[in-house]
Amino acid sequence: MTKTRTAPRLLLAALAAALLALTACPGERSVYPKGKDIWRFAIEETQGSVQHAYAMRFKELIEERSGGDIHVVVYTYGTLGTSDQITEQLHNGTLEFAMASPGHIGKLIPELQVFLLHFAFSEDPQVNKRALQHDEALRSRLDDLYARKGFKFLDAFAEGWMVWTTSKSVRTPEDLEGVKMRVMTSPLLLAAYEAYGASATPLPYSEVYSALQLNMIDGQVNPIFAIEEMSFYEVTSHLVFPRHAQFFTTAMTNRGFYRDLSPDRREMLDGVITDLHDYIFDVQRRFNAERLDEMLENKPELEIVRLTEEERAAFRERAKQVWDRYVEMVGPTGRELLDIIRAAVERAEEEVE
Ligand code: 6CS
């Protein structure tokens with residue numbers, strides 16, 4: 001967020017505020033109810049997604065626990081622009097809450113690209129859940145990183161295993177040679193896919209379907225629920241399961257807004273965020289299982305490729321150089337966060353056993 005762009009930013013903020021007053025997710029009233037505090041929450045995904053389930057449950061709990069004094073408006077992806085634009089609006093204070101996936105916000109907070117490293121977290125989603133939910137060293141480090149940019153970190157959670165959609169079978173890094181893979185817009189993802197020989201193409205989420213359809217890219221990577229919900233499977237022939245990484249996202253709020261909340265409201269909000277962690281873990285697991293079945297029902301000719309342990313090892317080997325690249329790109333604070341995460345995962349592994 002540079003300081004030199006104040007005037008355009010104010011104009012954009014005014015436009016966003018006008019849009020915010022007029023638009024809302026279907027099912028919402030387009031005019032804010034009178035006499036209630038309005039909390040606006042923008043997500044990076046469409047209806048029926050994991051983030052949508054999160055935001056709708058957030059709305060339900062906040063409205064209930066505030067005794068109806070707060071009205072939450074949820075903005076689905078596209079309503080207010082791309083992920084980068086949502087982040088900007090949260091920073092400006094035209095939104096109170098937003099989802100921020102490291103694949104995009106990693107441009108602004110480079111350390112967060114640690115969440116994009118392959119083979120860096122546990123293969124047991126329960127272990128990662130525990131580390132993200134309970135490890136104080138990790139959570140307070142994340143809080144510092146968000147604070148430096150004017151945000152308040154609320155939570156981080158996984159939305160499922162990343163799956164490649166490709167136009168051919170991929171079992172080795174050589175199979176990815178020259179394959180144009182769409183990635184999110186954080187620079188580390190270029191290094192991650194280039195280490196496998198692929199040609200990484202950063203694009204906003206909203207442009208992926210047409211890029212696949214027009215053969216501008218050969219593949220992309222996302223969790224199963226997203227591949228179904230965004231219809232990427234319609235324009236792909238193979239679903240490849242390398243289990244190299246999970247899709248992580250974070251929920252955040254405007255720091256000034258959080259600071260100015262009354263102690264009661266802050267406690268209520270913190271409680272809702274804590275309760276959502278368990279809720280969303282079950283939702284993502286269910287969505288990813290159900291949506292795979294749905295896709296196969298709609299398109300039985302989809303080829304499913306599940307990599308063996310031996311095949312995964314070849315990718316793991318190449319991924320290690322990207323960990324070094326991450327430290328080179330981000331510097332000592334990146335190294336520190338990587339070490340904190342590895343230690344948090346190790347501790348959680350012992351606790352989950
Ligand atoms: O690929 C993306 O850009 C997006 N994927 C998901 C599952 N959520 C948000 C993110 O922007």
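The values are calculated or read from the model by the stated rules, or taken from the named source; none is laboratory data. Nothing here was measured: the structure is a model prediction, and the numbers come from that model. Note that each Cβ is placed from the backbone with ideal geometry, even for glycine, and that neighbours are counted across all protein chains shown.
With respect to residue 150, determine if the residue is on the phi > 0 side of the Ramachandran plot and more than 18 Å from the chain's Cα centre (by Cα).
Criteria met by residue 150.
If residue 242 satisfies every condition in (1) within 16 Å of the ligand (Cβ to nearest atom); (2) surrounded by 22 or more Cβ atoms within 10 Å (Cβ to Cβ) but one, which is the exception?
Answer for residue 242: the failing condition is (1).
When region 314-353 is examined, which residues are found to be at pLDDT below 95 and not charged (D, E, K, R)?
Residue satisfying the conditions is 352 alone.
Suppose we keep only residues that are in a strand (DSSP E or B) and in contact with a Lys or Arg (Cβ under 9 Å, 6 or more places away or on another chain) within region 240-280. Which one would you say is nearest to residue 181 (Cα to Cα)?
Residue satisfying both the conditions and the ranking: 240.
For a quick check of your reading of the model, give me the residue pairs whose first member lies in region 308-337 and is more than 24 Å from residue 107 (Cα to Cα), whose second is hydrophobic (A, V, I, L, M, F, W, C), with beta-carbon atoms closer than 6 Å and at least 6 apart or on different chains.
316/119
I need a count of the residues in region 63-77 that are outside any helix (DSSP H, G or I), away from the ligand (no atom under 13 Å from the Cβ) and either within 17 Å of the chain's Cα centre (by Cα) or surrounded by fewer than 22 Cβ atoms within 10 Å (Cβ to Cβ) (or both).
8
Please go through region 67-97 and pick out each residue that is out of contact with any Asp or Glu (no Cβ under 8 Å at 6 or more places or on another chain) and of a type in the set (Gly, Ala, Ser).
Residues satisfying the conditions are 67, 68, 78, 81, 93.
Go through region 165-193 residue by residue and tally those that are polar (S, T, N, Q), under 26 Å from residue 299 (Cβ atoms) and either within 16 Å of the ligand (Cβ to nearest atom) or without any contact (Cβ under 8 Å) to a residue 12 or more places away in the chain (or both).
Count: 2.
Scan region 194-206 for residues that are crowded, with 23+ Cβ neighbours inside 10 Å and near the ligand (Cβ under 10 Å from one of its atoms) and jot them down.
Passing the criteria: only 205.
Could you name every one of the helices (runs of 4 or more DSSP H) located completely within region 78-183 that has at least 3 residues being aliphatic (A, V, I, L, M)?
125-134, 136-147
Output the qualifying pairs, or none if there are none: Cβ atoms under 8 angstrom, residues six or more apart or on different chains, first residue in region 73-84 and more than 13 Å from residue 100 (Cα to Cα) and acidic (Asp, Glu), second residue assigned to a loop (DSSP other than H, G, I, E, B) and within 14 Å of the ligand (Cβ to nearest atom).
none
With (1) at pLDDT 90 or above; (2) farther than 30 Å from residue 331 by Cβ; (3) touching a Ser or Thr at 6+ places or on another chain (Cβ under 7 Å) as the list, and residue 53 as the residue in question, which single condition is left unmet?
Among (1) at pLDDT 90 or above; (2) farther than 30 Å from residue 331 by Cβ; (3) touching a Ser or Thr at 6+ places or on another chain (Cβ under 7 Å), the lone unmet condition for residue 53 is (3).
Is it true that some residue in region 152-164 is away from the ligand (no atom under 16 Å from the Cβ), closer than 23 Å to residue 99 by Cα, touching a residue at least 12 places away in the same chain (Cβ under 8 Å) and not aliphatic (A, V, I, L, M)?
Yes, region 152-164 contains at least one residue that is away from the ligand (no atom under 16 Å from the Cβ), closer than 23 Å to residue 99 by Cα, touching a residue at least 12 places away in the same chain (Cβ under 8 Å) and not aliphatic (A, V, I, L, M).
Pick out the one residue from 227, 273 that is within 21 Å of residue 54 (Cβ to Cβ), touching a residue at least 60 places away in the same chain (Cβ under 8 Å) and crowded, with 22+ Cβ neighbours inside 10 Å.
227
Scanning region 80-107 for residues that are under 11 Å from the mean Cα position of the chain (by Cα) and not aliphatic (A, V, I, L, M), which turns out farthest from the ligand (Cβ to nearest atom)?
Only one residue fits best here, namely 106.
Count, please, the residues in region 87-121 that happen to be more than 17 Å from residue 256 (Cβ to Cβ) and without any contact (Cβ under 8 Å) to a residue 60 or more places away in the chain.
Result for region 87-121: 1.
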